[in-house]
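Student: Could you have a look at this structure, given as structure tokens, before my questions?
The values are calculated or read from the model by the stated rules, or taken from the named source; none is laboratory data. Here the structure is a predicted model, which means the values were calculated and not measured. Glycine gets a Cβ as well: all are built from the backbone with ideal geometry, and neighbour counts include every protein chain shown.
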Amino acid sequence: MRRKLVQQGASTMMISLPAKWIQEHGLKKGFEISIEPVRAGLLISAGDRVEKRKTEITLTHLAESSIRTRITTTYRKGYDQIKVNFDNENQFKILDEVMGTRLIGFEIVEKKDKYCLVENITEPSEDQFDIILKKVFQNITSLFNATRERMGGSKHVSFSDVRDIERRVQRYDNFCRRVISKRKFKGKNTELFWAFLTLIVHAQREIYHMNKALGKKVSDKSLDYLGDVEKMYNLVVDTYENRRKEGIGEIHDLEKKIVYKKGHDLVKKMGSENVLIYHLMSSARQFYQANSPLFGLII
């Protein structure tokens with residue numbers, strides 16, 4: 001939305017705030033708000049007010065992915081209390097499972113025949129952001145280790161172990177995004193953190209889905225290629241944690257080597273059209289992943 005500046009006195013300019021936003025945060029005359037410069041913009045927030053942000057969503061499908069997207073996106077947007085309407089007990093059971101595996105600090109505090117109330121019990125804090133982000137990194141490392149075991153034919157690691165790791169990653173990722181949405185992470189690059197998390201987590205999802213399709217022991221070439229992908233991941237994490245600007249160039253060089261050269265060569269050995277199918281599948285996956293921010297934009 002756009003607002004016109006209104007002259008107030010000799011040197012003061014004023015704008016009106018959206019009525020819907022004011023109502024959502026329970027703001028009244030005399031209340032204080034927070035204004036923070038963000039490069040060419042201004043970040044206006046309601047501050048550390050104790051009023052709970054409330055909203056309502058309705059479950060219309062039985063697909064786990066649909067229910068998961070609705071509740072996790074609402075959680076990420078920073079709402080403190082969510083009324084969830086549902087048609088049947090199967091939808092509620094899926095919701096309950098998603099809550100337990102994907103959300104930190106939220107519980108079902110009331111349940112009726114056709115709705116339940118989901119409420120924030122533990123408020124995300126700025127101090128926890130770096131700790132939880134590190135847990136995202138640690139669990140993705142665990143995913144690589146478990147995947148290597150399974151690709152090598154080990155019977156000690158099952159797909160359920162991989163699924164548990166992936167769920168922890170999703171849980172921590174959702175929490176980080178909630179902290180960002182509630183503006184408690186005070187960095188000036190919160191939108192960049194959001195995009196960074198998106199790409200890291202989507203990349204690990206591809207490894208998770210590969211595990212779903214994994215059967216018997218694979219070739220040494222495939223195991224070696226997993227090592228290349230892990231090398232890329234470790235380089236990204238090292239560049240982030242140590243703020244190594246030279247790491248950006250190293251990432252670009254490694255990507256050209258393991259994706260467009262080695263990766264394409266490996267796929268071509270199993271058929272000339274496999275590279276095309278690979279890119280089409282990746283494209284479809286990314287279009288699907290757009291449904292989560294899309295729901296956040298329309299609720």
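Student: Can you tell me how many residues in segment 148-164 are among the polar types (S, T, N, Q) and outside any helix (DSSP H, G or I)? Before you say what the answer is, go through the steps one by one.
Tutor: Our first condition is that a residue be among the polar types (S, T, N, Q); within segment 148-164, this holds for 154, 158, 160.
When the remaining residues are screened for being outside any helix (DSSP H, G or I), the result is 154, 158.
The qualifying residues number 2.
Student: List pairs: first in segment 203-223 and within 16 Å of Asp161 (Cβ to Cβ), second of a type in the set (Phe, Trp, Tyr), Cβ under 9 Å, 6+ apart or cross-chain?
Tutor: Here the result reads Gln204/Phe144; Gln204/Tyr233; Ile207/Phe144; Asn211/Phe159; Lys212/Phe159; Leu214/Phe159, each pair linking segment 203-223 to a residue that is of a type in the set (Phe, Trp, Tyr).
Student: Taking the conditions exactly as written (part of a helix (DSSP H, G or I), without any contact (Cβ under 8 Å) to a residue 24 or more places away in the chain and not aromatic (Phe, Trp, Tyr)), does Leu226 satisfy them or not?
Tutor: Judged against the criteria, Leu226 is not a match.
Student: Under 7 Å between Cβ atoms, which residue pairs at least 6 apart in sequence (or on different chains) link something in segment 108-131 that is farther than 23 Å from Gln91 by Cα with a partner that is among the charged types (D, E, K, R)?
Tutor: From segment 108-131, the pairs are Pro124/Arg178; Pro124/Lys182; Pro124/Lys184; Ser125/Lys184; Glu126/Lys184; Glu126/Lys186.
Student: What are the residue pairs meeting all of these: first residue in segment 82-93, first residue at negative phi, second residue part of a helix (DSSP H, G or I), Cβ atoms under 8 Å, and 6 or more apart or on different chains?
Tutor: Ile82/Ile71; Ile82/Thr74; Ile82/Tyr75; Val84/Ile71; Val84/Leu95; Phe86/Phe92; Phe86/Leu95; Gln91/Ile67
Student: Hey, among the residues in segment 113-131 that are touching an Asp or Glu at 6+ places or on another chain (Cβ under 6 Å) and within 18 Å of Lys182 (Cα to Cα), which one's surrounded by the most Cβ atoms within 10 Å (Cβ to Cβ)?
Tutor: Across segment 113-131, the extreme among qualifying residues is Asn120.
Student: Suppose the filter is of a type in the set (D, E, K, R), under 19 Å from Arg76 (Cβ atoms) and either part of a helix (DSSP H, G or I) or modelled with pLDDT of 90 or more (or both); does Arg167 pass it?
Tutor: Working: of a type in the set (D, E, K, R): yes; under 19 Å from Arg76 (Cβ atoms): yes; either part of a helix (DSSP H, G or I) or modelled with pLDDT of 90 or more (or both): yes.
Judged against the criteria, Arg167 is a match.
Student: Still on this structure: If I filter segment 235-292 down to residues being acidic (Asp, Glu) and part of a helix (DSSP H, G or I), which single residue comes out as nearest to Thr73 (Cα to Cα)? Steps first, answer last, please.
Tutor: Narrowing segment 235-292 to residues acidic (Asp, Glu): 238, 241, 246, 250, 253, 255, 265, 273.
Still in the running and part of a helix (DSSP H, G or I): 238, 241, 246, 250, 253, 255, 265.
Working: Asp238: 29, Glu241: 27, Glu246: 35, Glu250: 34, Asp253: 35, Glu255: 31, Asp265: 39 Å.
Taking the candidates together, the pick is Glu241.
Student: Shifting gears a bit: Are any residues in segment 64-81 farther than 12 Å from Pro293 by Cα and surrounded by fewer than 22 Cβ atoms within 10 Å (Cβ to Cβ), and if so, which ones?
Tutor: Within segment 64-81, Glu64, Ser65, Ser66, Arg68, Gly78, Asp80, Gln81 meet the criteria.
Student: Given the residues Asp228, Asp265, which is the only one that is among the acidic types (Asp, Glu), loosely packed, with under 13 Cβ neighbours inside 10 Å, assigned by TED's automatic domain parsing to the domain that holds Arg150 and out of contact with any Cys (no Cβ under 6 Å at 6 or more places or on another chain)? Explain how you work it out, then say what you get.
Tutor: On the way: Asp228 fails: loosely packed, with under 13 Cβ neighbours inside 10 Å.
It is Asp265.
Student: Take the conditions surrounded by 13 or more Cβ atoms within 10 Å (Cβ to Cβ) and more than 20 Å from Ala284 (Cβ to Cβ) and apply them to Val201. Does it pass? Can you show your working first?
Tutor: Values: surrounded by 13 or more Cβ atoms within 10 Å (Cβ to Cβ): yes; more than 20 Å from Ala284 (Cβ to Cβ): no.
No; evaluated as a whole, the condition is false for this residue.
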